[in-house]
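Written below as C-alpha cells is the structure these notes are about.
The values are calculated or read from the model by the stated rules, or taken from the named source; none is laboratory data. Only a predicted model underlies this, so the values are computations on that prediction, with no experimental measurement involved. Note that each Cβ is placed from the backbone with ideal geometry, even for glycine, and that neighbours are counted across all protein chains shown.
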C-alpha cells in the first residue's frame with residue numbers, strides 16, 4: 001500500500017507501510033520529546049536567563065544536556081525501526097557518498113545565509129542587536145578548556161542529536177502524513193522553538209527547512225548532520241575570531 005503523499009529519488013522510502021508511525025508508542029515518544037523541548041524553552045522565551053555563568057556552571061550545563069539528549073537519542077534510534085517499519089539504513093544511516101557531502105556543504109552555506117540573514121532582518125525590523133543567550137554566555141567564557149568543550153559539543157554532538165530528533169523522527173513523522181512540507185514545517189517549528197530564543201526561533205526554523213531539504217534530497221541522515229556541524233563550526237569561528245561580524 002502506498003500511503004506516501006510525495007515522491008523523490010528511488011532511494012527514498014516513499015512506500016510507507018500501512019502501520020508506520022501509528023499507534024500509542026509513536027505518539028507517546030513524539031509527544032514526550034516535543035513537550036520536553038517546548039517545556040524547556042518556555043522559561044527562556046518568557047524571561048531572560050542569566051548570562052554571567054561561570055566556567056564550572058557552564059560545564060555542568062553542557063554535561064547535563066549531553067546526558068539527557070544522549071538518552072533520548074538512544075531511545076529514538078532503538079525504537080524508530082519498529083515505529084517507522086523501516087530499517088535505520090533505509091532511513092538514512094549509511095555512509096554518505098561524495099554527492100551527499102557536496103549537497104551537505106551547499107546546505108551549510110544556504111543555512112548560514114537563510115538563518116543569519118533572517119536574524120539580521122529581524123534585528124533591523126525590531127531595531128535591536130539581539131544575541132542568543134547561549135552566545136552571550138559563550139562570549140563571557142575565558143577558560144580555554146570550557147571553550148573547547150562547548151565547541152566539541154556544538155560541532156560534534158549537537159548536530160547528531162538534533163538531526164536525530166528533528167529530521168529522523170519529526171520530519172519523517174510529518175512527511176508520512178503531510179508530504180515534504182508537512183514534515184518540514186513540523187520539524188522546523190520544533191527546531192526553532194527548541195533553542196529557547198524568541199528572536200532566533202524564526203531564522204533557525206528557516207535553517208531547519210534547509211536541513212530538511214538536505215535530508216530529503218540525499219536520503220542520508222548524515223548529510224544534514226554535516227550541514228548542521230559546518231554551520232555551528234562557522235558560527236563558533238566567527239565568535240572567536242571575528243566577534244564584530246558575529
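At-a-glance table
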quantity: Tally, over the range 17-42, of residues that are surrounded by 18 or more Cβ atoms within 10 Å (Cβ to Cβ) and closer than 27 Å to residue 90 by Cβ; calculated: 8
quantity: Output for the range 232-246, where each listed residue is within 12 Å of the chain's Cα centre (by Cα) and either closer than 13 Å to residue 168 by Cβ or surrounded by fewer than 18 Cβ atoms within 10 Å (Cβ to Cβ) (or both); calculated: none
quantity: Search result, residues across the range 8-24 that are under 30 Å from residue 96 (Cα atoms) and either touching a helix residue (DSSP H, G or I) at 6+ places or on another chain (Cβ under 7 Å) or modelled with pLDDT of 60 or more (or both); calculated: 8, 15, 16, 17, 18, 19, 20, 21, 22
quantity: Helices (runs of 4 or more DSSP H) wholly inside the range 30-149 that include at least 3 residues being at pLDDT below 70; calculated: 98-126, 133-139
quantity: Residues of the range 202-234 classified as touching a residue at least 40 places away in the same chain (Cβ under 8 Å) and over 26 Å from residue 99 (Cβ atoms), total; calculated: 3
